[in-house]
Structures are given as structure tokens and as C-alpha cells.
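Novice: Sharing a structure below in C-alpha cells format, with a few things to ask.
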Amino acid sequence: TDPSDSNTAYVAAMGLGLVVAALIGYSLSQNLVRGVSVLSEAARGLPWAAEDNDRLGVACARSAIRSATADIVPREGPPGSLSAPIDAARYLVLRRVPGDRPYTASDQRLLEAVASMASISRSVDLREAGLRLRNVTDAMTGLWNYSMFVELAVRPLAAQELARRAAA
């Protein structure tokens, strides 16, 4: 065979290899950019309201990491899935369709970051709700305290006064 033919094949194979490497690198960088974007957007809304916490955690994980399903379940997911604990009894689990590419270590770290945000957000929101409740109730009886009683008594009087002025 002609030596120039083997050199041409070698150069073509090397060129193809470089194109494949560039595409893989581009794909990885796009995944990283998407993950950082999702985390920064989620961080702007912290703390999430306790009643929306699970929904927002799942939505954030699905946006950051490509998956077929995302659920909060009482135990780690099966092999091939991606799991991260949200609290002592629940896990955020992502699954891909069979035959899809496996999750990476970067995907795992990203899911752990989302789960951590959800966990901390939930505890902060619940702590604040407890503080708000303690601010308006008596510690011993659990009944409204004096300042809350006055506020509750003034509301109907203010509404009545507003209605009277509107009618006049």
C-alpha cells in the first residue's frame, strides 16, 4: 500500500477522535452550566415555603440533571438510580430509562446540593413558623397573647369603620 494512504487514514482517524473529544467536552460543559444555573436560580428563592419544599426540590433536581423520573421516597433508589438524603427518613431519587447513559459523579454532587438546599430550606422555614407562632401565643397555655388579642379585636372594628366611611 501507498504510505500516503496510511498517513491520510491516520490523520482522518485523529481528526475524528478530536471531533468526538470536542463534542464530549462540549456536552460536559453544557451539563455543568445547566447545573450551576439551576442551583443559582434555586438559591435566589430560599428559603422555600415548607409546603412547597418537596415540589421545588424535585423540580430543581429534574432541571439540573436529566432523568426520566424524580421522586421523594423513604429509601435509597435501586442500582443505576441517583439518590440523596433530604432528611432522616426520605431520599430524593432520580431514575433514567433503561439503556440510557449512567449518572456521573458530577450528577451525584449536583443532586446532593439540591437535596441539601431542600433540607436546610425546610428546617429554616419550619423554625421561622415556630418563632412566629411563639410570638403571638402564650407559652404556658398556647392561647393568643395580649398583643395578638388586641390585634384580633381591632381588625373587625377597623373593617366596620372602613365600611361606614365607604357608605357615607
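Novice: How many residues are within 18 Å of Gly80 (Cβ to Cβ) and among the acidic types (Asp, Glu) when one looks only at segment 101-131?
Specialist: Residues that pass the stated criteria total 2.
Novice: A further question follows. Is it the case, given these coordinates, that Tyr103 is in contact (Cβ under 8 Å) with a residue 12 or more places away in the chain, out of contact with any Leu (no Cβ under 9 Å at 6 or more places or on another chain), among the aromatic types (Phe, Trp, Tyr) and open to solvent by 20 Å² or more (accessible area, probe 1.4 Å)? Show your work before the answer.
Specialist: Working: in contact (Cβ under 8 Å) with a residue 12 or more places away in the chain: yes; out of contact with any Leu (no Cβ under 9 Å at 6 or more places or on another chain): no; among the aromatic types (Phe, Trp, Tyr): yes; open to solvent by 20 Å² or more (accessible area, probe 1.4 Å): yes.
For Tyr103, the condition - in contact (Cβ under 8 Å) with a residue 12 or more places away in the chain, out of contact with any Leu (no Cβ under 9 Å at 6 or more places or on another chain), among the aromatic types (Phe, Trp, Tyr) and open to solvent by 20 Å² or more (accessible area, probe 1.4 Å) - is not met.
Novice: Filter segment 73-96 down to residues that are open to solvent by 60 Å² or more (accessible area, probe 1.4 Å) and touching a strand residue (DSSP E or B) at 6+ places or on another chain (Cβ under 9 Å) and give me whichever is farthest from Arg122 (Cα to Cα).
Specialist: Here the answer is Gly80.
Novice: Checking the condition touching a residue at least 40 places away in the same chain (Cβ under 8 Å) and β-branched (Val, Ile, Thr), which residue from Ile72, Ile86, Ile65 passes?
Specialist: Ile65
Novice: Also, quick follow-up: Could you check how many residues of segment 124-137 are over 14 Å from Ala50 (Cα atoms) and touching a helix residue (DSSP H, G or I) at 6+ places or on another chain (Cβ under 9 Å)?
Specialist: Going through segment 124-137 one residue at a time, the tally reaches 3.
Novice: A follow-up question, please. Against the condition under 22 Å from Gly45 (Cβ atoms) and either of a type outside the set (S, T, N, Q) or touching a helix residue (DSSP H, G or I) at 6+ places or on another chain (Cβ under 6 Å) (or both), how does Leu92 come out, does it pass?
Specialist: Criteria met by Leu92.
Novice: Let me ask another. Please go through segment 134-160 and pick out each residue that is exposed (fewer than 11 other Cβ atoms within 10 Å of the Cβ) and among the charged types (D, E, K, R).
Specialist: Arg155
The values are calculated or read from the model by the stated rules, or taken from the named source; none is laboratory data. Small disclaimer: the values here were computed from a predicted structure and weren't measured. Neighbour counts are summed over all protein chains in view; Cβ atoms, including those assigned to glycine, are modelled from backbone coordinates with ideal geometry. Quick note on the areas: whole protein, heavy atoms, side chains included, nothing else; ligands and nucleic acids left out. Shrake-Rupley method; radii C 1.70, N 1.55, O 1.52, S 1.80 Å.
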